[in-house]
Amino acid sequence: MTSLEIEPNTILVRYNVEKEKSMSPAEAAEELYPKDELIRPIAEAIFEGEEDDVVDGLQKAIDAGKDPIALIDDALMVGMGVVSKLYDEGVIFLPNVMMSADAMLEGIEFCKSKSSTAPVAKGKVVCHVAEGDVHDIGKSIVVALLRANGFDVVDLGRDVPVDEVVEAVKAEKPMMLTGTALMTTTMFAFKAVNDRLLEAGIKIPFQCGGGAVNQDFVSQYELGVYGEEAADAPKMAQAILEGKDLDALKKQFHTH
Ligand code: B12
């Protein structure tokens, strides 16, 4: 065989192990779904972006005794985990992720509507997603968990300009501010918010989290406290109610 007769695709297939065992998105997802018979249909519906099936699955699980707020982590997040993994591996693409994200947000709203939140608000928290960033699933979970734990939340939404965050804090006077950023380019807005709040003489704990963010980054600005899991938000709000100051909060939530 002369070099001209070599078929490049054959060489790729021959040496690329991943490609040899390549699966369709549905097959790849199949291997990742949880086994629990109540949880699995919900995770599957998130992956397929089927909003009605997400709500049906959640209702069945609630009827069977599951707690609606716990289902956010135990079922919706599990489905989104499958989506994130296969997107990162290049098995599925942005349009699939968008459909799943919409189904996820619908699911979170449904869980919130089914939970009986505490009647007396314990304190006010302002939540936002960093300027330039549209990733709002994590923020929505933070909001749901804070509300489920009896806190009054002012949800500023996603891609919130620094000015708007600062104005909201001045107007609402919350006990704490949260920020979510999923991109390394957008997380720098937190520093800007921090500086503007300090300029205005406002020193409230500013808990920041989201895929792109880590403790080392958040430690670079005075008001910042890192939050790894959405559940850390109500934990921190509770700690503030118990009288902990910024230093004590950093001790509680920072690991190094
Ligand atoms: C879903 C998704 C989208 C959806 C978002 C839909 C929506 N409504 O949110 C869509 C399709 C719109 C999207 C768009 C884009 N995306 Co996108 N997306 C993702 C994906 C797959 C999952 C993110 C997600 O929702 N995770 C689940 C949630 C629950 O996680 P989370 O937000 O981190 O929250 C958890 C914790 O961090 C914590 N938390 C979050 N916030 C807070 C706050 C506090 C106070 C506390 C205590 C805790 C906490 O709680 C949650 C759970 O406990 C990730 C890949 C990945 N592996 O993460 C890429 C990813 C984030 N996207 C990425 C990119 C680049 C984009 C686009 C630029 C793509 C493009 N080329 O257009 C655009 C961005 C547009 C913009 N300006 O924002 C990159 C970011 C890279 C980077 N590091 O900068 C990622 C990492 C993909 C990748 N590997 O490249 N995306």
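The values are calculated or read from the model by the stated rules, or taken from the named source; none is laboratory data. These figures come from a predicted structure and were not determined experimentally. FYI the Cβ positions are ideal-geometry reconstructions off the backbone, even for glycines, and counts take in every protein chain you see.
Here are the numbers for this structure:
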| quantity | calculated |
| --- | --- |
| Cross-chain or 6+ apart pairs with Cβ under 6 Å, region 173-186 first and in the same structural domain as E229 (by TED's automatic domain parsing), then near the ligand (Cβ under 7 Å from one of its atoms) and basic (K, R) | T180/K139 |
| Some residue of region 110-124 being hydroxyl-bearing (S, T, Y) and under 30 Å from E27 (Cβ atoms) | no |
| Criterion (surrounded by 19 or more Cβ atoms within 10 Å (Cβ to Cβ) and at positive phi) met by exactly one of G65, G49, G79 | G49 |
| Residues of region 127-167 that turn out to be assigned to a helix (DSSP H, G or I), over 17 Å from F206 (Cβ atoms) and either away from the ligand (no atom under 13 Å from the Cβ) or aromatic (F, W, Y) (or both), as a count | 2 |
| Any hit, region 193-203, residues being of a type in the set (G, A, S) and under 17 Å from D133 (Cβ atoms) | no |
| Region 187-216, residues that are of a type in the set (F, W, Y) and either touching a residue at least 60 places away in the same chain (Cβ under 8 Å) or more than 12 Å from the ligand (Cβ to nearest atom) (or both) | F190 |
| Residues of region 217-230 satisfying the condition of being loosely packed, with under 15 Cβ neighbours inside 10 Å and within 12 Å of the ligand (Cβ to nearest atom) | E228, E229 |
| Subset of region 21-43 that is assigned to a helix (DSSP H, G or I) and crowded, with 20+ Cβ neighbours inside 10 Å - its residue that is nearest to the chain's Cα centre (by Cα) | A43 |
| Residue within region 96-105 that is within 13 Å of A43 (Cα to Cα), away from the ligand (no atom under 12 Å from the Cβ) and either within 14 Å of the chain's Cα centre (by Cα) or surrounded by fewer than 20 Cβ atoms within 10 Å (Cβ to Cβ) (or both) present | no |
| Residue list for region 235-248, filter: surrounded by fewer than 20 Cβ atoms within 10 Å (Cβ to Cβ) and touching a helix residue (DSSP H, G or I) at 6+ places or on another chain (Cβ under 9 Å) | K235, A239, K244, A248 |
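Conditions tested, residue by residue: (1) more than 11 Å from the chain's Cα centre (by Cα); (2) in contact (Cβ under 8 Å) with a residue 24 or more places away in the chain; (3) in the same structural domain as V218 (by TED's automatic domain parsing); (4) surrounded by fewer than 16 Cβ atoms within 10 Å (Cβ to Cβ).
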| residue | (1), (2), (3), (4) |
| --- | --- |
| G107 | yes, yes, no, no |
| V134 | yes, yes, yes, yes |
| I141 | no, yes, yes, no |
| R147 | yes, yes, yes, no |
